[in-house]
Number of protein chains: 2
Amino acid sequence: MNCLDDIKWDAAGLVPVIAQEHSSGDVLMFAWMNREALKRTIELGEAVYWSRSRGKLWHKGEESGHIQKVHELRMDCDNDVLLMRITQQGHEPGIACHTGRHSCFYQRLENGVWTATEPVLKDPQTIYSK
Amino acid sequence: MNCLDDIKWDAAGLVPVIAQEHSSGDVLMFAWMNREALKRTIELGEAVYWSRSRGKLWHKGEESGHIQKVHELRMDCDNDVLLMRITQQGHEPGIACHTGRHSCFYQRLENGVWTATEPVLKDPQTIYSK
């Protein structure tokens, strides 16, 4: 895939990826991809990331069922960041965060304190039990 | 500021930051902050990044006039990524990209080819001439 060669991969061979919900515009999460992850994402039409903590490919939703269907892939002006418009599947409203929340960005700075603002939609223990 | 201590800064002392337009939900750009940049951002209410290429603080809009007024700061579940809701000032519609476009994410993957999709709103040569 020539489009992979256009990306300026970082020293670790990764590119940062922002996942934005297609229907709402909400930014749901941020993760990383290597070449293989992006290749699989494009082929599958579903988000496949590179898990830096686990050191392996991570087909988002493989355990939780919370698959991210990809509508659109965009690249920034420096060719080193990707933006993906997705539909977060498996629950309504979509759950992208491992805490059971809609978005990973649920801590808002309020009077100098990071404050959890979004409700837990599903108990994380039940998300990963299958 | 205690809120700075809650962030898991990376090995280079930086945190990735996503800038999202408050009014439209459009993701406009992606950049990095160090402690000082985030401290100034909070104090000013305007985006101050750390420019990795120039190795210095970068008050976005200091040359172009395209200041980013900050409405809200959010942190993700791992405490290592920030999401900022901003108003992109200095032009209508807002210009976040140094190419004179609304968003830095103007290259869309179409049939395997990254294709520029958004119009240039202002000639970059005139943006930085003041």
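Nothing in this text is a laboratory measurement; each read-out follows from the coordinates by a stated rule. This structure is a prediction, so every number in the text was calculated from the model and none was measured. Here the Cβ is made from the backbone with ideal geometry for all residues, glycine too, and neighbour counts use every protein chain on show.
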field: In sequence order, calculated HN-Hα J values of the range A:111-123 (Karplus, 6.51, -1.76, 1.60; Hz; x Gly/Pro)
entry: 6, x, 10, 6, 10, 5, 10, 9, x, 6, 7, 8, 4
- prompt: Residues of A:99-111, mean number of Cβ from any other protein chain within 10 Å of their own Cβ, rounded to a whole number?
  reply: 5
- request: List the distances, in nm and shortest first, from the label point of residue A:90 to the matching label points in every other copy, placing each point 7 Å from Cα along the Cα-to-Cβ direction.
  value: 4.1
query: Given charges of +1 on the Cβ of Lys and Arg and -1 on the Cβ of Asp and Glu, with all other atoms neutral, how large is the dipole of chain A about its Cα centre, in debye to the nearest 20?
result: 360 debye
- request: Once the label point is placed 7 Å from Cα along Cβ, list for residue A:43 the distances to the corresponding points in the other copies, in nm, shortest first.
  value: 5.2
task: Check each of the trypsin sites (Lys or Arg not before Pro) in the range B:5-45 and keep only those in coil by DSSP with at most 16 other C-beta atoms within 10 angstrom; list them in order.
output: B:8
- prompt: Across peptide A:57-68, how many C-beta atoms of other chains are within 10 Å of each residue C-beta, on average?
  reply: 0
query: To the nearest 500 deg cm²/dmol, what mean residue ellipticity at 222 nm is calculated for the protein assembly as shown from DSSP H runs of n ≥ 4 alone, each contributing -39,500 (n - 2.57), summed and divided by the residues?
result: -3000 deg cm²/dmol
- prompt: For the charge dipole of the protein assembly as shown, defined by +1 on Lys and Arg C-beta atoms and -1 on Asp and Glu C-beta atoms about the Cα centroid, which residue among B:12, A:105, A:125 has the Cα displaced farthest towards the positive pole?
  reply: B:12
- line: Between residue B:105 and residues 5 or more places away or on another chain, the pairs with built amide H atoms under 5 Å apart involve none
query: Near residue B:69, which aspartates and glutamates are there with a Cα under 20 Å away, not counting those fewer than 8 places off in the same chain?
result: A:26, A:110, B:21, B:26, B:36, B:43, B:46, B:92
query: Once phi is turned into θ = phi - 60°, what whole-Hz ³J(HN,Hα) does the Karplus curve with 6.51, -1.76 and 1.60 give for every residue of the range A:10-18, x standing for Gly and Pro?
result: 6, 4, 8, x, 10, 9, x, 10, 9
statement: Spelling it out for residue A:71: with amide H atoms placed in the peptide plane at 1.01 Å from N, the residues 5 or more places away or on another chain with amide H under 5 Å from its amide H are A:85, A:86, A:87
Rel. contact order, % - alpha carbon contacts under 8 angstrom, at least six apart, chain B: 21 percent
- request: Over the whole of B:24-35, what's the average partner chain Cβ count within 10 Å per residue? Rounded to a whole number, please.
  value: 3
task: With +1 on each Lys and Arg Cβ and -1 on each Asp and Glu Cβ, and nothing else charged, work out how big the dipole of the protein assembly as shown is about its Cα centre, in Debye to the nearest 20.
output: 320 debye
- request: On a 0 to 90° scale, report how tilted helix B:35-44 is relative to the longest principal axis of chain B, with both axes built from alpha carbons and the result rounded to the nearest 10.
  value: 70 degrees
